[in-house]
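Worksheet for the structure shown next.
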Amino acid sequence: MEQALATIISAAHIGAAIALFNGAFTTFGQAKIVAQAIESMARQPEASDDIRSSMFIGIALSETSGIYGLLIAIIMLFANPLVNIFINFVS
Amino acid sequence: MLNVENYWVLKIAGYDVWITETIFNTWIVMAVLIILAIIARMKLKSFKVIPSGFQNVIESLVEIFDNFVTNTMGEKLSYVAPWFFMVFSLVFSSSLFSTIGFRAPTADFITTFALAIVTFLMMVVLGFRHRKGKYLKSLFQPNFVFFPINVLGEMAKPVSLSFRLFGNMLSGTIILTLWYTLTPTLLQIGIPAALHGFFDVIMGFLQTYIFVIISLMYIKGAADE
């Protein structure tokens, strides 16, 4: 029983770590947005205000997937759905 | 600090009403904002044509926000500016509130989801008010087969809007809690100030700005031609 519980908890932690991996890909996407925005700002300095606000919107929209991964990791670590399922199953 | 504490349980008409840390902290933030608003209202009588001091600050705040909303939404829809000024000041002051050691009200899902639900209702109501049948028709674009997908897309908007703010504020709270609990006392002098400055002030301002501007863009997309 203890061993099964330990396996489940470690599986939840590994799952949380994998869910946090999408932060890497989100960062790549955001880096691409910022690089393009800086390039167009250098090309057209008079339009930099418009470009900056659209850049922030794009960054925020692409950050959503990273936030979803973070929430899954937080649920895995602190809300423990798998452990609750296991306890219900045993009792 | 990771869990939201529950202070009291009130019994109202047979239901348990939980007064949590979030609600209590929101009351404090609201009290500060309301007192500021009352002071500004009382000073309004002594305002002059040529502003100075306190009047300068108030006028420039309102003017900057009005211009921001008008630039984003256009002249026709700019009457939503007061509501979003309130949202902006509430969310930003609640993220500033966590710099003095309390839990930010926006680090709880109920606060952000309530604000996002209001944005969603405004989107639907203003869409029907300004475009009438065309708003309903836009759900059937490009084909009637896409109706369920369009409805799901509309439903996902408040969810992603609220999760974005909540996730950012919660990650700041978690990192600061880890720092406060795991490091020795000597490292807790000075360094948390930098962390608070980044996670609460800079990220707080950025996320508030993004919350407001994305709400405005959703409303504009629903209500504008």
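The values are calculated or read from the model by the stated rules, or taken from the named source; none is laboratory data. This one's a predicted model, so the numbers in the text were calculated from it and none came from an experiment. Positions of Cβ are generated from backbone atoms using ideal geometry, with glycine treated the same way; all protein chains shown enter the neighbour counts.
You will find that of B:49, B:29, B:4, B:17, the residue that is under 17 Å from residue B:111 (Cβ atoms) and either within 14 Å of chain A (Cβ to nearest Cβ) or modelled with pLDDT under 80 (or both) is B:4 and no other. Of all residues in segment A:49-64, at least one satisfies being farther than 19 Å from residue B:72 by Cβ and either in contact with a Phe, Trp or Tyr (Cβ under 8 Å, 6 or more places away or on another chain) or modelled with pLDDT of 90 or more (or both). Among the residues of segment B:1-46, the one identified as in contact (Cβ under 8 Å) with a residue 60 or more places away in the chain, polar (S, T, N, Q) and not in a helix (DSSP H, G or I) is B:20. Among the residues examined, residue B:222 does not qualify as small (Gly, Ala, Ser) and free of Cβ contacts under 8 Å to residues at least 24 places away in the same chain. Taken together, A:48, A:40, A:53, A:65 contain a single residue that is within 18 Å of the chain's Cα centre (by Cα) and small (Gly, Ala, Ser), which is A:65. Looking at segment A:59-82, is at least one residue surrounded by 12 or more Cβ atoms within 10 Å (Cβ to Cβ), more than 14 Å from chain B (Cβ to nearest Cβ) and closer than 26 Å to residue B:157 by Cα? No, that holds for no residue. When segment A:11-40 is filtered for residues that are closer than 15 Å to residue A:63 by Cβ, surrounded by fewer than 17 Cβ atoms within 10 Å (Cβ to Cβ) and among the β-branched types (Val, Ile, Thr), the ones remaining, listed by number, are A:27, A:34. Within segment B:151-189, being more than 9 Å from every other protein chain (Cβ to nearest Cβ) and of a type in the set (Ser, Thr, Tyr) holds for B:162, B:173, B:177, B:180, B:181, B:183, B:185.
When residue B:207 is tested against (1) surrounded by 14 or more Cβ atoms within 10 Å (Cβ to Cβ); (2) under 15 Å from residue B:73 (Cα atoms); (3) within 14 Å of chain A (Cβ to nearest Cβ), just one condition goes unmet, and that condition is (2). Restricted to helices (runs of 4 or more DSSP H) entirely inside segment B:47-153, those with at least 3 residues that are surrounded by 13 or more Cβ atoms within 10 Å (Cβ to Cβ) are B:54-73, B:81-97, B:109-131.
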